[in-house]
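Okay, so here's the structure we're looking at.
A short reminder: the numbers here are calculations on the coordinates, not readings from a lab. Everything numeric here is computed off the predicted structure, so don't read it as measured data.
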Amino acid sequence: MRCIIPTAPTASVFAPHFSSPEEPNDGRRARAYDGRMLSLNLYATLRAICGQKTLELSPAESATIRDLLALAISEHPALQAELFERDGQLRPHTNILKNGRNIRYLERALDEHVTAGDRLDVFPAVAGG
């Protein structure tokens, strides 16, 4: 079975930069990287899939949340099934917060533009008792 990525990122849109052991990042703030930095904070099962709490990305001016997720999926393909349905729609119980606001309530949702300094938090569906 083949996973569908909502949109394919281009090399000109992103310059990924991940936390390294020499420069720990606890997810509360992004380190400076060419003056433009965005933190993609992962929770629950997403941390286990990626092996870290935070992915740090340097987006282009026109990058959207969808672009950033596509880049993360290209680096960690197992994220596709955790975040998106087969038709490419965001899973109903997956919550993505942009600067503390759920993107489902923003006008453009996944197509919302991101800028340097924005913080994205990604919460997968979690069940338990």
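Taking 0.36 nm per residue of separation and subtracting the Cα-Cα distance, full extension of the segment from residue 106 to residue 91 would add 3.7 nm. With θ taken as phi - 60° and the Karplus curve 6.51 cos²θ - 1.76 cosθ + 1.60 applied, the whole-hertz 3J(HN,Hα) list for region 68-75 is 5, 5, 4, 5, 4, 5, 5, 7 Hz, x standing for glycine and proline. Whole-Hz Karplus values for region 88-96 come out as x, 7, 4, 4, x, 9, 8, 10, 10 Hz, taken residue by residue from phi with 6.51 cos²θ - 1.76 cosθ + 1.60 and θ = phi - 60°; glycine and proline positions read x.
Cα-based values for region 75-121, radius of gyration first and Dmax second, are 11.4, 31 Å.
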